[in-house]
Amino acid sequence: MSDGELVTRTLLLASPEETHRLGVRLGGLLEPGDFVGLIGDLGAGKTHLVRGVAEGAHVPRSEVASPTFAIVYPYSGRIPLYHADLYRLTGYDDLYATGFMDLVGGEGAVLVEWLDRVPEAAPTEHLRVTLAHAGGDARSLKAEAYGVRSVALLTAWLP
Ligand SMILES: Nc1ncnc2c1ncn2[C@@H]1O[C@H](COP(=O)(O)OP(=O)(O)O)[C@@H](O)[C@H]1O
Ligand SMILES: [Mg+2]
């Protein structure tokens, strides 16, 4: 498996519960330094998926918020998780000023909603998850892995 290889998976999530379960699975697999970017319209299920991830990483339920007022929420679970929402940012300079970049590749895993607002926030190696409305409670999920570690993470998550 070469460094340049891009591995993708797509699937249909029929219900919020399915999305949650998939998040829990990912939460059990994340390691320090992992970076997961989440892309999708409002209501696509980005935060819903992250709540599952937090549960899977054993973050106490009371800690998990919807990051509306802060840009980054730190959670402490099996490993530290940093949950960020870039919706309100206008660009990389804004993000840099928050100190967010110091968290990337650090002792925790980073989950970022609206990565498409500031694509430069992602390190070269990362997992990119795109969610989209697919009628009613259905959502489509596309996951793209960039780099060796992310490919391993993706293939363990969605074999
Ligand atoms: N299959 C599904 N997966 C995820 N969320 C779903 C699904 N079906 C319905 N929903 C609902 O859609 C909403 C998603 O909201 P949220 O996760 O906050 O979206 P985002 O963070 O992408 O804006 C929630 O109210 C959730 O209950
Ligand atoms: Mg959200």
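Bear in mind that the values in this text are calculations on the coordinates, not laboratory data. As the structure is a computational prediction, the values presented were derived from the model and not from experiment. Positions of Cβ are backbone-derived with ideal geometry, glycine not excepted, and every protein chain shown enters the neighbour counts.
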Quick one: pull the percentage of alpha-carbon pairs in the stretch 2-48 with a separation above 16 Å. 54 percent
Sort the following peptides by mean Cβ neighbour count (other Cβ atoms within 10 Å, averaged over residues), highest first: 144-156, 128-140. 144-156, 128-140
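Taking the highest mean first, how do the peptides 21-28, 39-46 order by number of other beta carbon atoms within 10 angstrom per residue? Mind dumping the intermediate values first?
On the way: 21-28: 20.2, 39-46: 18.0.
Averaged packing, sorted descending, gives the order 21-28, 39-46.
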D_trans [Stokes-Einstein, Kirkwood Rh over alpha-carbon pairs] for the stretch 7-157, 25 °C, 0.890 mPa s, µm² s⁻¹: 163 µm²/s
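Report the extension gain between R78 and T8 in nm, rounded to one decimal, defined as 0.36 nm multiplied by the number of residues separating them, less their alpha carbon distance.
Details: separation 70, 0.36 × 70 = 25.20 nm, distance 2.69 nm.
Extra length available between R78 and T8 comes to 22.5 nm.
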Under 16 Å by backbone N from the virtual spin label 7 Å along Cα-to-Cβ at K142, the residues of the stretch 3-40 are 6-13, 37-40
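For the stretch 110-159, build the convex hull from the C-alpha positions and give me its volume per residue in Å³. Don't jump to the answer; show the numbers that get you there.
Values: hull volume 4.4 nm³, N = 50.
Dividing the Cα hull volume of the stretch 110-159 by its residues yields 87 Å³.
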Per DSSP helix of 4 or more residues, -39500 (n - 2.57); summed, then divided by the residues of the chain. What does that give at 222 nm, rounded to the nearest 500? -7000 deg cm²/dmol
